[in-house]
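The structure under discussion appears below in the form of structure tokens.
The values are calculated or read from the model by the stated rules, or taken from the named source; none is laboratory data. Everything quoted here is computed from the prediction, not taken from an experiment. Using ideal geometry, Cβ is built from the backbone for each residue, glycine included, and neighbour counts are taken over all protein chains shown.
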Amino acid sequence: MNGSAPRAGSLSRSARSLFAKIQNLRTAHYPDAPALAVRDPWPGDPSRGARLIKDELGQMGAIRRLDNDVFANPGSASSLMRAHTNGFTWLRDLRALGTDAARARARALVSAFMDSNELDPIAQRADVTGARIAAWLGHYDFFAASADDDFRQLLMSRLVIDARNLAAALPAEEHDGRALTALKGLIAASVAMPEHAVYITRALRFLPQELERQVLPDGCHAERSPAAHLAALMDLTEMRALLQSGKIEAPEQLPAAIERVALALRALRHGDGGLALFNGTREDLPSLIDLVLSQAGRSQRAVAGLGASGFYRLAAGKSVLLVDAGAPAAPGFDRFAHAGSLSLEFSAAKERLIVNCGTAAASGPEWRDALRATAAHSTLIIAGVSSSEIRENGLGRRPGQVSAQHQTAGGAHWLETSHDGWSKPFGAIHHRRLYLAESGEDLRGEDLIEAEQPQPFVIRFHLHPNVTASLQQDNEAVLLRLASGQGWRLRADGINIAVEESVYFGGGEPRRSEQIVLAVHQDGPQLVKWAITKLG
């Protein structure tokens, strides 16, 4: 019975798609322009807009040339980059540039898409179609309002066809955050083209069930990726604004979900306002996050732990410690999942000190998978084997039991965590105990391997590129100097410390960085104590 449900859903979707194609052949009249203005609320990046003028599209560590057949020929681009190309959200970067050349480039690229006889199959995916509809409508005044009649008529006809196909494709086959983007696109089409408002009924039918599936009880998104979490909140706030513009009553679950997701987003930020680099995330601009929170209706409350997702934010003094102490995202939600169990990040005021390496999710498999591996995270790794098995579209072997206990007293924090990701290959459990003093200037940790046979392991602390590391003469401590001049020291008891090269993909461009390495041989101690303390 369980195996027949997806089959039945697929057949139903195929039948609706065929009916939509028949309707597309019969329809001869399309609106001349959107009846209600829809505007993309998010800022673009003029520097990325300038690169688009030069036919370069950047996305999460990858660059793609926008040649004449880019919409038809996938080439060697990753699926993520292909989805970004055909989703047109990058129109906001051309709008941010704001020049006549940017407007002409936007119009030329939209025309190239509409003129393609064959399209990349990803362009027809529900979430990509939804993103494209919302982007074209959201930037209509920028690139289409001043265009000639033929262009505008072709654009409006394509919007109607895409909306009809999208309605037929729901519910989306992708049950992660991409389903929200599909629903947003259909809502935008219904609001902007009231003569096709019938699609709003279908969109609002599926929205409540997607909210239940994707928003965990603690408000965190089910993908356990701060980047996916931010994207989901952006989609949800856009949907609410679209419904308000169209004077359409929103499902009662929507405002409550937005409030919970916004509250959880605050717990995923460092002192600089950017996001923690867990599971396919980069820093992102703090100003964008502030804008998203303001659109959501900012709450001033803060939470230390997100129990359902397993993220912990321990704040003391001017320091913030962020820890991934939850089970990896479930299959179907793990497209961005990293093997970073029990990894931590640490920031002092607005400066990041200990980080994870970031992501190159749109790049080729070499960098993409290397940055997902345990070695690219500030945590422990046994015998060079990642705590979860990295696969192209998710994870294979993974921790089955992940535990965390958080206590506070007098402003100080204790966090005890463990996971069994190496139970099958090594019969081992990793325990990590963390203590953050009330001042925020003393972070102490213990890493323990529980196994019948001793195991070789390495503990890594990846440093932000703005941090310089100097190994002290006894090789038992490292002096860390932040860009502000502030000094910290990392020391470990009874074990030599090494400083090695690393790489940081947490910002706009890859940067060289360093990492502190504590290596233990198989016959060495299975318990390592370490501390990071502020100097002066």
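When you look at Ser78, is it of a type in the set (Ser, Thr, Tyr) and closer than 23 Å to Gly280 by Cα, yes or no?
So Ser78 fits the description; yes.
Could you please let me know if Ala102 is touching a Ser or Thr at 6+ places or on another chain (Cβ under 7 Å), crowded, with 17+ Cβ neighbours inside 10 Å and touching a residue at least 12 places away in the same chain (Cβ under 8 Å)?
So Ala102 fails the test.
For residues that are in contact with a Ser or Thr (Cβ under 7 Å, 6 or more places away or on another chain) and buried (at least 19 other Cβ atoms within 10 Å of the Cβ), scanning just segment 389-418, find the one that is farthest from Phe311 (Cα to Cα).
Result: Leu395.
Could you pull out the residue among Gly427, Gly421 that is surrounded by fewer than 16 Cβ atoms within 10 Å (Cβ to Cβ) and of a type outside the set (Lys, Arg)?
Gly427
Within segment 65-84, work out how many residues are within 20 Å of the chain's Cα centre (by Cα) and either under 15 Å from Phe505 (Cβ atoms) or of a type outside the set (S, T, N, Q) (or both).
The number of residues fulfilling the criteria is 7.
Anything in segment 269-299 that is polar (S, T, N, Q) and either surrounded by 15 or more Cβ atoms within 10 Å (Cβ to Cβ) or in contact with a strand residue (DSSP E or B) (Cβ under 9 Å, 6 or more places away or on another chain) (or both)? List them, or say none.
Asn279, Thr281, Gln295
Rundown of residues vs (1) closer than 30 Å to Asp523 by Cβ; (2) within 17 Å of the chain's Cα centre (by Cα), yes/no style:
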residue	(1), (2)
Phe311	no, yes
Gly317	no, no
Ala329	no, yes
Phe336	no, yes
Ala361	no, yes
Pro365	no, no
Arg398	yes, no
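Kindly check whether there is at least one residue in segment 365-380 that is surrounded by 19 or more Cβ atoms within 10 Å (Cβ to Cβ) and in a strand (DSSP E or B).
Yes, the conditions are met somewhere in segment 365-380.
Quick test of your reading of the structure: Pro465 fulfils all but one of (1) within 21 Å of Leu482 (Cβ to Cβ); (2) touching a residue at least 60 places away in the same chain (Cβ under 8 Å). Name the failing condition by number.
The failed condition is (2).
Quick one: Gln473 ticks every box in (1) part of a loop (DSSP other than H, G, I, E, B); (2) under 27 Å from Leu275 (Cβ atoms) except a single one, so which number is it?
Answer for Gln473: the failing condition is (2).
Could you check how many residues of segment 498-536 are among the small types (Gly, Ala, Ser), assigned to a strand (DSSP E or B) and buried (at least 19 other Cβ atoms within 10 Å of the Cβ)?
Count: 2.
Of all residues in segment 428-439, how many are in contact with an Asp or Glu (Cβ under 6 Å, 6 or more places away or on another chain) and farther than 19 Å from Phe311 by Cβ?
1
Go through (1) in a helix (DSSP H, G or I); (2) touching a residue at least 60 places away in the same chain (Cβ under 8 Å) and name the single condition Ser190 misses.
(2)
Would you confirm whether any residue within segment 142-160 is in a helix (DSSP H, G or I) and in contact with a Gly (Cβ under 8 Å, 6 or more places away or on another chain)?
no
So which of Ala330, Ala360, Ala339 ends up being surrounded by fewer than 20 Cβ atoms within 10 Å (Cβ to Cβ), on the phi < 0 side of the Ramachandran plot, out of contact with any Asp or Glu (no Cβ under 7 Å at 6 or more places or on another chain) and in a loop (DSSP other than H, G, I, E, B)?
Among Ala330, Ala360, Ala339, only Ala330 is surrounded by fewer than 20 Cβ atoms within 10 Å (Cβ to Cβ), on the phi < 0 side of the Ramachandran plot, out of contact with any Asp or Glu (no Cβ under 7 Å at 6 or more places or on another chain) and in a loop (DSSP other than H, G, I, E, B).
Looking at (1) under 27 Å from Ile289 (Cβ atoms); (2) surrounded by fewer than 24 Cβ atoms within 10 Å (Cβ to Cβ); (3) modelled with pLDDT of 95 or more, can you tell me which one Leu183 breaks?
(2)
Condition first: aliphatic (A, V, I, L, M) and in contact (Cβ under 8 Å) with a residue 60 or more places away in the chain. Now tell me which residues in segment 211-235 satisfy that.
Leu216, Ala222, Ala227, Ala228, Leu230, Leu233, Met234
Can we say Ile200 is in a helix (DSSP H, G or I) and modelled with pLDDT under 95?
yes
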